[in-house]
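Step one of this worksheet: look at the structure below.
Coordinate-derived values only; no laboratory data. Note that the structure is a prediction, hence the values are computed from the model and not measured. Methodologically, a virtual Cβ is constructed for each residue, glycine included, from the backbone with ideal geometry; neighbour enumeration extends over all protein chains shown.
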Amino acid sequence: MAECSDIVNFDHTRQGIKFYMCRECKMHIALVGDNDMAHGDTWSINLETAVNLVKSIPEHYVASGRTKMAYMSCIYCRTPLGWQYVEVESPTNLIKEGRVILYLDRLLYWSGEQMEWCRENKRRNH
């Protein structure tokens with residue numbers, strides 16, 4: 001388990017704040033931002049920044065051999081939540097170094113008013 005000083009919590013009482021949480025333990029994972037993108041029916045969301053995640057070691061190359069990635073898990077309960085691109089030979093809007101990809105079906109969504117299942121809100125404009 002993570003030390004209390006390592007944990008980041010968003011202020012859910014602040015007007016209009018929206019963020020994602022780990023579905024298993026409700027740990028805050030990422031604020032909803034302008035750079036978020038749903039990608040097809042993969043049930044993933046792309047986030048430029050995320051908190052309360054642990055990167056797997058070792059990092060590994062994907063099948064093409066040109067992109068290196070690491071799996072990302074919740075810092076508290078260790079549930080696998082997605083991956084991060086570590087090295088990218090030919091960056092694009094979707095694939096670039098540091099980008100974190102999270103599976104929506106492993107997250108909850110705080111809409112600013114209530115907690116919701118991400119799977120049901122995948123195509124919604126947050």
Practice task
Quote to one decimal, in nm, the extra length available between Thr79 and Ser64 on full extension: 0.36 nm per residue of separation minus the C-alpha distance between them.
Solution key: 2.7 nm
Exercise for the section: Show me 93-103, 8-18, 52-62, 67-77 ranked by packing, highest mean number of other Cβ atoms within 10 Å first. Expected result: 67-77, 93-103, 52-62, 8-18
